[in-house]
Amino acid sequence: MKVIIGLEIHCQLNTDTKLFCGCSTDYRDDPPNTHVCPVCLALPGALPRLNTKAVEYALRVAKALNLEVAEECEFSRKNYFYPDLPKGYQITQYDRPLAERGVVEIEADDGTPKEVRITRIHLEEDPGRLVHRSGRDRAGYSLVDYNRSGIPLIEIVTEPDLRSPKEARRFLNKLRNTLEYLEVFDGEREGAIRVDANISLVGHNRVECKNISSYKGVEKALTFEITRQKNQIARGHEITRETRHFNEGRGITMSSRSKEEETDYRYFPEPDLRPLRVRDWLDDITLPELPDARKARFVAQYGISHNHARTLTGDMKLANFYEKVAGDDPVLAATWVADTLLGELNYRDMKIDRVPPAHFADLLALVRVDAITDRSGVDALRTMLDEGAAGEEMELPSAVVDRFGLRKAAGDEFDEVAAQVVEAHPDAVADYHNGKGGALNFLVGQAMRETRGRADARDLGRRIKELLENKEA
Amino acid sequence: MAGTFHFDAEDRSNAFITRVESATFGDGRLAGIPLAVKDNISTRGMQTTCGSRILEGYIPPYDAHVVELLREEGAAIVGKTNLDEFGMGTTTENSGFGPTTNPHDPARVPGGSSGGSAAAVAAGMVPMALGTDTGGSIRCPAAFCGIVGLKPTYGRVSRYGLIAYSNSLEQIGPMGRSVADVGTLMEVICRHDARDSTSYDRGYAHAPSGEIRGMTIGIPAEYFGEGVDPAVAECVRDAIATLESAGAIVEECSIPSMEYALAAYYVTCTSEASSNLARFDGVRYGPGVGTKRSWHDEFQEFRGEHFGREVQRRVMLGTFALSAGYYGKYYAKAQVAKENVRRDFLRVLKSVDVIAGPTMPTIAFRFGEKSDPLSMYLSDVLTVPANLAGVPAISVPCGRVEGMPVGLQIIGQHFADEVVVDVAFAFEQEGPA
Amino acid sequence: MISEREVESIAKLADIRIQKEELGEFTVQFNAILEYFDVLDRVEAAGEGRADLVNVFREDEVRPSLPVEDVLANAGSTEETFIKGPRVM
């Protein structure tokens with residue numbers, strides 16, 4: 001059964017101040033209601049003032065996603081009551097949005113390129129935040145914090161062009177990545193992105209799924225919802241056209257009883273703000289290199305594989321990190337960053353910006369001049385990251401290598417170990433001469449154990465073979 | 001010289017909701033002058049109720065732009081004046097704090113919604129006061145109480161701190177005993193304010209001149225039509241004749257959109273009000289809302305209990321006018337009508353300098369005289385067009401009918417507030433005592 | 001003509017509780033007023049208005065917020081620095 005998915009994505013813009021007042025948006029560790037003024041608290045008589053930076057950021061996004069910017073647009077009021085909405089309306093854009101009709105290219109499930117059409121982009125303000133405490137009085141009241149009230153959001157609406165939860169996830173990753181490249185968005189902020197998804201199976205009613213607040217959540221919610229709808233249909237039930245809420249903790253969607261349903265939002269133009277004519281601002285916006293362009297450049301400039309380039313440019317900070325450590329051997333660097341470092345970071349739940357590029361470059365230099373084996377390199381990296389994860393200062397990998405004596409065994413030490421192993425295992429030597437292939441591997445393994453991985457297996461193999469051949473002669 | 005003003009004038013008209021017995025003042029053009037401020041304008045540290053029980057006890061933590069300007073010029077703010085709740089009325093009967101009476105006849109209304117400010121000035125309690133005018137709320141009480149009141153060009157005075165009733169129509173404006181006082185107060189409050197995005201940078205620095213020789217005055221037939229008391233019409237025609245004898249040229253003209261201006265006004269103001277008043281949910285200010293039950297239940301009960309009937313009526317009308325299926329018929333149509341009114345005024349004001357007519361179709365009503373809402377709304381028919389068009393309009397006393405004051409309304413081009421003040425000033429010099 | 005039931009649902013949409021016994025009077029008044037508003041059906045656009053004041057902005061510069069005591073001063077009930085609201089469950 002064909003699946004049809006459209007998304008509405010709300011992203012917080014990382015301006016310094018709120019959309020309509022001068023309150024700081026940086027309230028992360030501050031107590032409730034400490035970043036609030038007459039405007040965002042909706043005191044009687046206060047009036048909104050539009051933040052020029054928010055408009056510029058939204059235009060950057062519009063340009064990057066190939067949208068047509070309206071010659072004139074305006075703000076509207078969306079009227080509804082909710083305890084987190086101080087004015088009793090949200091200032092948003094309705095029938096005259098900032099930009100319409102764009103397109104984003106992603107990879108379809110079969111690996112072919114696919115275009116996802118963007119319906120529109122508009123600016124709006126975030127409501128406050130409700131907190132519910134458990135305890136005797138739980139659910140008896142709500143607690144309101146208006147610090148978030150008035151944070152600028154862009155809402156990006158897609159056409160129903162997505163065909164699977166995985167595609168939706170890829171689209172969101174691409175979008176997030178693009179917004180980060182545009183430097184208008186900080187994806188690591190709590191609640192920085194919120195998604196509403198419209199999901200239907202061809203020929204059946206559409207369900208709106210609200211309140212998805214993580215990238216993983218989108219794929220989970222969609223997968224759950226598709227299964228639910230298929231089961232309904234299999235049992236002969238029609239799909240109810242409704243709004244459902246995603247419960248992130250339980251990984252399920254639940255029918256929401258009242259909030260959005262049947263609400264008549266009574267939109268009308270916001271009389272306290274003037275219209276915008278900002279299309280010509282586009283001429284002054286120079287887009288940075290976006291993920292697709294950067295990927296192509298990585299392949300061309302550094303000679304790395306398409307897959308490595310895709311991984312590295314899939315996160316702006318990672319790509320920046322790679323370019324800092326690429327150095328004289330970009331292919332080696334790509335392998336180490338994409339195949340090794342990323343996994344080690346994920347394992348420790350660490351972010352790339354915790355790794356000092358100079359430290360990593362130091363490690364790459366050791367590997368490149370063959371001073372340590374790959375295995376020792378990984379060990380040094382792990383030691384360094386563990387220190388970082390424990391909140392300690394990270395050692396330079398060369399210091400770790402010296403401390404543990406991980407430098408590659410070479411010259412005399414190397415010959416000595418080979419000779420000792422051959423001496424100590426006459427049975428294996430005999431087996432070798434009797435043509436038993438496994439004997440050489442056994443001897444190399446013993447030698448590797450002796451050197452604790454500081455020697456290269458191939459080099460050791462060659463040396464031991466030489467000794468054995470000489471013995472026979 | 002800075003000091004304290006002891007405000008001990010007796011308030012026989014219930015003009016004030018909040019009084020300041022000892023009002024401090026600073027230096028400046030208004031130093032030591034007692035000034036009253038309509039209670040829908042925010043005053044830091046001083047209760048601001050909007051005439052509504054839903055804001056009882058609310059103490060704003062900030063001053064409206066105009067209040068900052070008054071303080072900068074040394075005014076002694078002696079209190080907050082009564083009004084129809086949220087400005088919704090033509091009589092000041094709809095106040096949560098009791099009606100204001102007309103100082104000329106306590107059995108009659110002072111007009112509204114700035115009835116408290118008008119009564120305070122007319123009773124001699126203060127020489128000047130601030131009012132607000134959404135559809136005539138400065139000019140109507142000025143006319144009914146026999147004082148001068150100016151509704152400035154839309155955008156000329158900052159609305160920052162004015163508790164919104166109908167944002168696209170209303171302006172704060174000066175009220176006073178004389179045109180000169182109104183001019184002085186206008187000079188103080190007319191300053192650009194970046195906090196109001198609809199505010200223009202068009203200051204006002206103007207000494208009124210009585211010279212109107214050669215000026216053209218348009219007389220729209222619609223201002224003397226059905227519903228206008230013939231005695232009031234005659235009084236105003238006499239006033240216009242006075243202007244003519246002072247050298248002005250009088251011309252007939254027509255504003256056809258007057259046919260639907262009042263309907264457009266009521267649809268617009270109730271729609272905007274339905275949204276503006278949504279914030280009064282008792283969470284952040286006002287008597288506290290209950291928190292035990294679900295939000296719709298608590299909000300409904302709170303708003304049902306603390307809003308007066310007229311406010312409930314207008315909020316519901318506006319909710320309806322914006323609702324799905326009716327937006328096109330009401331709100332959208334009203335905006336087209338508003339644009340048509342603006343065009344009518346622009347057209348007429350190309351060939352005449354000002355338009356003149358009665359401010360109100362009648363003299364001040366007796367209490368309870370207008371019992372049904374629609375007949376009350378109809379009495380705004382001559383004042384709302386200036387709000388829809390956004391043009392300045394002044395009401396200046398021009399005589400009496402049955403012993404009650406009558407107001408002459410003078411309407412000018414956008415940003416020609418100086419011109420309407422000049423014409424009013426000329427009339428004041430020439431006109432009947 | 002709108003019915004008492006419609007007036008009731010408008011009141012609900014506006015979050016205003018109207019007493020049952022007042023509903024009849026509100027409905028009569030609304031119908032009189034709405035009938036008067038029908039004059040708008042005759043309105044035809046004389047031309048599009050074009051806003052003369054556009055692009056009014058503020059720079060992205062942080063201004064001081066209110067002291068939290070001022071934020072909480074007018075609220076009916078508070079807990080720590082939260083403001084209490086009705087329940088939403």
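No lab work stands behind these numbers, since they all come straight from the coordinates. On a predicted model such as this, the values are computed, not experimentally measured, just so you know. A quick note on method: Cβ atoms are made from the backbone with ideal geometry, for glycine too, and the neighbour counts reach across all protein chains shown.
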5 angstrom amide H check on A:ASP16, placed H, neighbours 5+ away: none
Viscosity 1.306 mPa s, temperature 10 °C, Stokes-Einstein D of the stretch A:162-204 from Kirkwood C-alpha radius, µm²/s: 133
Simple label model, 7 Å out from Cα along Cβ direction - C:SER77 to C:ASP38, nm: 4.9
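Taking Rh as the Kirkwood radius computed over C-alpha pairs, what is the Stokes-Einstein D of the stretch A:228-337 at 20 °C in a medium of viscosity 1.002 mPa s, expressed in µm² per second?
Diffusion coefficient, whole number: 107 µm²/s.
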Top positive-direction residue, dipole computed over chain A with Cβ charges, set A:MET1, A:SER305, A:THR17: A:MET1
Cβ-Cβ FRET estimate between B:ASP105 and C:ASN31, R0 fixed at 25 Å, reported to 0.05: 0.15
Residue order, fewest to most beta carbons within 10 Å, for A:MET254, A:MET384: A:MET254, A:MET384
Cα-based Rg of the stretch B:9-124 normalised by 2.2 N^0.38 Å, two decimals: 1.01
Förster radius 45 Å - calculated FRET efficiency between A:GLU183 and C:GLU6, Cβ distance, rounded to 0.05: 0.30
Reciprocal mean inverse distance between Cα atoms of the stretch A:411-472 - Kirkwood radius, Å: 11.3
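Could you work out the mean projected area of the convex hull around the alpha carbons of the stretch A:336-387, in square nanometres to one decimal? Don't skip to the answer; put the middle values down first.
Values: hull surface 13.1 nm².
Averaging across all directions leaves 3.3 nm² for the Cα convex hull.
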Estimated translational D of the protein assembly as shown in µm²/s (Stokes, Kirkwood radius over Cα pairs; 10 °C; 1.306 mPa s): 49
Cα-based equivalent ellipsoid of the stretch A:217-287: semi-axis lengths in Å, sorted from largest, via gyration tensor: 39, 20, 13
Under 10 Å, Cβ to Cβ, from B:THR319 - net charge with Lys/Arg +1 and Asp/Glu -1: +1
Sites A:LEU287 and A:GLU238, calculated FRET efficiency, Cβ-Cβ separation with R0 30 Å, nearest 0.05: 0.05
Computed over chain C, the ratio Rg/Rh where both radii use C-alpha atoms and Rh is Kirkwood: 1.19
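Taking 0.36 nm per residue of separation and subtracting the Cα-Cα distance, what length does fully extending A:ASP110 through A:HIS425 add?
Working: separation 315, 0.36 × 315 = 113.40 nm, distance 5.44 nm.
The A:ASP110-A:HIS425 span can extend by a further 108.0 nm.
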Bins of 20 Å, starting at 0 and running to the largest distance - Cα pair percent for chain B: 29, 60, 11, 0
Separation of alpha-carbon centers, the stretch B:362-388 and the stretch C:11-89, rounded to whole Å: 24
Spin-label proximity, A:ASN205 to the stretch A:232-249 - amide N less than 12 Å from point 7 Å beyond Cα toward beta carbon: A:237-244
Inter-probe distance in nm under a simple model that places probes 7 Å from Cα toward Cβ, at B:SER254 and A:ASP26: 6.6
Descending principal axes extents, the stretch B:311-406, alpha-carbon based, whole Å: 49, 42, 14
Over chain A: helical MRE at 222 nm, DSSP H runs n ≥ 4 each giving -39500 (n - 2.57), nearest 500: -12000 deg cm²/dmol
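Taking K and R as +1 and D and E as -1, what net charge do the other residues with C-beta under 10 Å from the C-beta of C:PHE57 add up to? Please list the in-between numbers first.
Working: positive: A:ARG49, A:LYS53, A:ARG274, C:ARG58; negative: A:GLU56, C:GLU59, C:ASP60.
Cβ neighbours under 10 Å give a net charge of +1.
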Footprinting exposure proxy for A:CYS73, B:CYS140 (fewest neighbouring C-beta atoms within 10 Å first): A:CYS73, B:CYS140
Within chain B, longest stretch free of exposed trypsin sites (Lys or Arg not before Pro) [DSSP loop, at most 12 other beta carbons within 10 Å]: B:13-212
Fluctuation leader among B:GLU68, B:GLU85, B:GLU369 - chain B, Gaussian network, Cα springs under 10 angstrom: B:GLU369
With 5 Å bins from 0: P(r) over the stretch A:353-472, alpha-carbon pairs, percent: 2, 11, 20, 17, 13, 11, 9, 7, 5, 3, 1, 0
Cα coordinate range in the stretch A:79-126, projected on the principal axes (Å, largest first): 47, 23, 12
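Pairs B:LYS38/C:LYS12; A:LYS174/A:LYS317; B:LYS333/B:LYS370: which exceed 24 Å Cα-Cα?
B:LYS38/C:LYS12; B:LYS333/B:LYS370
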Hydrodynamic radius of chain A per Kirkwood, over alpha carbon pairs, in Å: 26.5
Rg over Rh [alpha-carbon atoms, Kirkwood Rh] for the stretch A:3-284: 0.96
Neighbourhood net charge (10 Å Cβ-Cβ; Lys/Arg +1, Asp/Glu -1) for A:ALA99: +2
Packing-based exposure ordering (other Cβ within 10 Å, fewest first) of B:SER137, B:SER375: B:SER375, B:SER137
Three semi-axes of the equivalent ellipsoid, the stretch A:291-404, Cα gyration tensor, whole Å, largest first: 24, 16, 10
Nearest-20 debye value, the stretch A:3-284 charge dipole, Cβ charges on Lys, Arg, Asp, Glu: 1000
